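Readers should treat all values here as calculations from the given coordinates under stated rules, not as data from a laboratory. In this text, all values refer to a predicted model and were calculated from it rather than measured experimentally. Please note: Cβ atoms are built from the backbone with ideal geometry, for glycine as well, and neighbour counts cover all protein chains shown.
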Amino acid sequence: MTGSDAAIPAIDTSRPHPARVYDWWLGGKDNYPVDEELARRILAVDGAAVRGARANRRFMHRAVRTAAEAGIRQFLDIGTGIPTEPNLHQVAQEIAPESKVVYADNDPIVLRHAQALLHSTPEGATNYVHADVREPDTVVRLAAETLDFSEPIALSLVALTHYLSDDAYGLLKRYVDELAPGSFVILSQVTPDLSPEVIAKAAEQFRRSGTPFFPRSLAEFSRFFDGLELLGPGVIPVSGWRPGPEDVAAQAEGIVPVYSGVARKV
Ligand SMILES: C[S@@+](CC[C@H](N)C(=O)[O-])C[C@H]1O[C@@H](n2cnc3c(N)ncnc32)[C@H](O)[C@@H]1O
């Protein structure tokens, strides 16, 4: 645990938090009535919210497996969320047990879970940074206590950039600049392209609850990969990214409005 040993911030149950709303959609129990209320309100306007959350989570598994199979042994996952099995370190360490993983999130509830989770993992292989993605100096400095930035790292911001405004481009570049050639960048985020009115209503619900929300078009999302080498099939809705049988079946229920992509730094 890094940057967090001194004080555990209080959990605010008076307003919904994205990690806990997402947890409700995933069928988790680590959420409060305010989170469930917002999750249900969004589900009422966007009937694909639960399918989207699950499809996004499966994308993360496949993308991490792809990076691990390509030889990546270090992972920096920012906007980790509340643990939901299998977690990223379990996917990576199933392929290569020596893989090192650093998780980072700014939500106190994620911090509490990380503390419990890390007690059950081998010392030094997995670490957690309690920090805001918008503080790259802090995140990189603390992550560097576990990860070697002179070797390739898979950097993942999965379902995170839709909470970040336009400075997200400069922010991501700041992280990518720290990475060694051969590193991977794994991203996904909500798009208005497929159902603009539905996503506008869902975004409005998030904003009213105090969480800024920035859906992005194909062109806007693709911009995150500028200067990087996109892996096939490129930028595509999550269920279509190197789909497994479950994803093929899920696609039959409709395409979820979440873009994804995996790229390599050359
Ligand atoms: C929708 S969840 C995604 C969880 C996980 N990455 C996944 O895709 O399954 C978004 C996560 O981003 C975190 N988050 C939102 N804004 C953040 C910020 N500014 N800095 C760090 N984490 C943030 C939330 O606390 C939440 O855990």
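Quick one: 3J(HN,Hα) in Hz for the range 214-231, Karplus 6.51/-1.76/1.60 with θ = phi - 60°, rounded, Gly and Pro as x.
Result, ordered by residue: 10, x, 10, 6, 4, 5, 5, 5, 4, 4, 4, 9, 3, x, 10, 9, 6, 7 Hz.
Per DSSP H run of n ≥ 4, the term is -39500 (n - 2.57); total these for the chain, divide by its residue number, and report the mean residue ellipticity at 222 nm rounded to 500 deg cm²/dmol.
Result for the chain: -12000 deg cm²/dmol, rounded to the nearest 500.
May I ask you to evaluate 6.51 cos²θ - 1.76 cosθ + 1.60, the Karplus curve with θ = phi - 60°, for each residue of the range 235-251 and list the ³J(HN,Hα) values in order in whole Hz, giving x for glycine and proline?
Using θ = phi - 60°, the values come out as 8, 7, x, 3, 5, x, 7, 6, x, x, x, 5, 6, 4, 5, 5, 5 Hz.
When the convex hull of the C-alpha atoms of the chain is computed, what volume per residue in Å³ does it have?
Hull volume over Cα atoms, normalised by residue count, gives 116 Å³.
Taking the Cα centre of the range 145-261 as origin, work out the dipole magnitude from +1 charges on Lys and Arg Cβ and -1 charges on Asp and Glu Cβ, in debye rounded to 20.
380 debye
Over the range 170-266, how many percent of alpha carbon pairs lie in each 5 Å bin up to the one with the longest distance?
2, 13, 19, 19, 18, 15, 9, 4, 0
Could you work out the relative contact order of the range 163-266? I mean the mean sequence separation of Cα pairs under 8 Å and 6+ apart, divided by the number of residues, in percent.
Across the range 163-266, relative contact order equals 40 percent.
Val101's amide H: which non-local residues (gap 5+, or another chain) put their own amide H closer than 5 Å, with H modeled 1.01 Å from N in plane and none for Pro or chain starts?
So Val101 has HN proximity to Phe75, Thr126, Asn127.
Output the Kirkwood hydrodynamic radius of the range 158-204, Cα pairs only, in Å rounded to one decimal.
12.5 Å
Compute the relative contact order of the chain as a whole-number percentage, counting only Cα pairs closer than 8 Å that sit 6 or more residues apart in sequence.
Computed over the chain, the figure is 20 percent.
How large is log10 of I(q)/I(0) for the range 1-144 at q = 0.16 Å⁻¹ when the intensity is taken from the Debye formula with one equal scatterer per alpha-carbon?
Summing over Cα pairs of the range 1-144 leads to -0.90.
Quickly work out the Ser150-to-Glu246 label distance, labels modelled 7 Å from Cα along the C-beta direction, and quote it in nm with one decimal.
About 4.0 nm, to one decimal.
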